[in-house]
1. Quick check on the stretch B:27-45. Is at least one of its residues surrounded by 15 or more Cβ atoms within 10 Å (Cβ to Cβ) and within 30 Å of B:Val166 (Cα to Cα)?
2. List the number of the failed condition for A:Tyr71; all other conditions in (1) within 15 Å of the chain's Cα centre (by Cα); (2) modelled with pLDDT of 85 or more hold.
3. Hey, can you tell me all the residues within the stretch A:47-64 that are closer than 19 Å to A:Ser120 by Cβ, in a helix (DSSP H, G or I) and more than 9 Å from chain B (Cβ to nearest Cβ)?
4. Looking at the stretch B:279-309 only, could you name the residues that are touching a Ser or Thr at 6+ places or on another chain (Cβ under 6 Å) and within 21 Å of B:Trp195 (Cα to Cα)?
5. Please give the number of the condition B:Val115 fails out of (1) without any contact (Cβ under 8 Å) to a residue 60 or more places away in the chain; (2) within 20 Å of A:Thr57 (Cα to Cα); (3) open to solvent by 40 Å² or more (accessible area, probe 1.4 Å).
6. Quickly run through the stretch B:129-141 and pick out the residues that are more than 9 Å from chain A (Cβ to nearest Cβ) and open to solvent by less than 40 Å² (accessible area, probe 1.4 Å).
7. Regarding the stretch B:59-78, can at least one residue be identified that is at negative phi and in contact with a Phe, Trp or Tyr (Cβ under 7 Å, 6 or more places away or on another chain)?
8. Could we say that B:Leu270 is under 22 Å from the mean Cα position of the chain (by Cα) and either without any contact (Cβ under 8 Å) to a residue 12 or more places away in the chain or surrounded by 22 or more Cβ atoms within 10 Å (Cβ to Cβ) (or both) here?
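The values are calculated or read from the model by the stated rules, or taken from the named source; none is laboratory data. Given the structure is predicted, the values throughout are model-derived calculations rather than measurements. So basically every Cβ, Gly included, is an ideal-geometry build from the backbone, and we count neighbours across all protein chains shown. These area figures cover heavy atoms from the full protein model, side chains too; ligands, DNA and RNA do not enter into them. Shrake-Rupley method; radii C 1.70, N 1.55, O 1.52, S 1.80 Å.
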Amino acid sequence: MLAVIVFCALAVVAIASGVAVFRVDSMARATYALAISFVAVGAMLLMFDLDYIGVITILMMVMEMAIMAIYMIMFMGMNPALMPMSMVHNNRWALILSAGTFVLLAAGVLLVPWPAPAESPTGDLTASLGETIMGSKMLVMLTVSPILFATIIAALVLANPRGRYDRWGDDLKRRSPHDLRRGGLGG
Amino acid sequence: MSSLLNPAWALLAAVVLGVLALVGAGVHGMVIARSEGRSARSGALSPVFELARLLRQRRRRTVAADVLLWRVGCGGLVVVALLKTAVIPFGSWILADIPVGIVWFNAMDVLLWAVLWLLGWGANSAYGLIGGYRFLSQAVSYELPLMFALVTPAVAAHSLQVSEVVAAQNGLWFVVWMPVAFLIFCASVIAFSSWSPFGTAAGSDIAGGILSEISGVDRLLVLAGRYALLTTGAAFAVAMFLGGGAGPLLPDWLWTLLKTLLLLFVFVALRHRLPAIRPDRLAEVAWIIVLPLALLQTLFVAIVVVVGR
């Protein structure tokens, strides 16, 4: 009984702070409202005895939100991030898309023939959950991850304004790199 | 080793944490007094005086501050430190010996990313905001080495449970064969507590940065929170690397206390002995030298564990 109440309370917190993301008028508040939503979801995972996944969710999401704060200063021109601003735009299409996504996912929940649990998982819950979700699709995952990694590297190489030839010279033979900002390694 | 504890003991844990943090602050007061040519004893009580002063001080306000987020930032440090104590063993007692205790500790220090940035953001002051961003850019440098430093004892103990890690050090303390991980962990503790030499987020060159606008009880909470974070960091280092409560003659809780205090004193005393490390210069060093070192340390331990089986 108590567990049900706590679970429902966490669910309400997750949804309410998710709604708050679009209602507040500051990037900082929106960012951390989203963080609270994720923390509540992490706590709900803890209630399924998925200790590792729950705690890691909290860890990753809070870190992600903080990184977002770095990016919002780095890339938002004129720093509107520091001013009050509306968190919604393109309202009509956003509503259509979000309602459509919700209907699709909800229909999926109701219509998919879920497999009946053969036996309750024994031993390590995290491991058996991983087996169930990923077991037959491991090849796909193994293919996807190097592609994702290569994409990240490629994007960084393309975005980097100063590559190694700028730093180390045309024949890469400079003894210490020429950095615009001094400090760190090699002056 | 872990005996199951009544949750009511959490109250006592908070008191112990508070007393240790106060002792740490007292030692800092003594260091300051010595450096100013007074006797060390005259500085020992300075945190108590400061506490009384800040409790009576009226809050200063700033224009258009984001008060909600600011207060969250001010109170957050102490809350994070208290949440950390849940998985820190005190002798053979531990409040919540969860199977993923190490990950819990790590998740809590990631919360500090949010807390310290909010502290800088909330005041709506340029110096505060610069301080908050200094902390974040420093965090990007120390967090991955910290994670691998925490992974290393877990690899050796085959477990993320803190009590198992302590038990695995029965023969040999982990600090002996993973000194690099120990040093990285200690440096990270100082860094996530925003303590010098990693304290530029609150540096005097930006008028105190994240501390510049906070006053009264808010300031008290933040300053106390920093000492509490240093304390929990020292206590966790004792459990991870220094054998927990292991030691001759004395009971295990007393050994835990002694080792924790010793490490805390080192952290506190380091503050005025090293030059400030700028986050922008730290990044390259952390990613090109320290992170590979941490990985090599983990690799070494993993090989020893596999070969030793």
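1. Yes, there is a match, as at least one residue in the stretch B:27-45 is surrounded by 15 or more Cβ atoms within 10 Å (Cβ to Cβ) and within 30 Å of B:Val166 (Cα to Cα).
2. (2)
3. A:Met47, A:Ile53 - these are the residues of the stretch A:47-64 that are closer than 19 Å to A:Ser120 by Cβ, in a helix (DSSP H, G or I) and more than 9 Å from chain B (Cβ to nearest Cβ).
4. If the condition is that a residue be touching a Ser or Thr at 6+ places or on another chain (Cβ under 6 Å) and within 21 Å of B:Trp195 (Cα to Cα), then B:Pro279, B:Leu282, B:Ala283, B:Ala286 are the ones that fit.
5. Tallying (1) without any contact (Cβ under 8 Å) to a residue 60 or more places away in the chain; (2) within 20 Å of A:Thr57 (Cα to Cα); (3) open to solvent by 40 Å² or more (accessible area, probe 1.4 Å), B:Val115 fails exactly one: (3).
6. Within the stretch B:129-141, B:Gly131, B:Phe135, B:Gln138, B:Ser141 qualify.
7. The answer is yes; a qualifying residue exists.
8. It is false that B:Leu270 is under 22 Å from the mean Cα position of the chain (by Cα) and either without any contact (Cβ under 8 Å) to a residue 12 or more places away in the chain or surrounded by 22 or more Cβ atoms within 10 Å (Cβ to Cβ) (or both).
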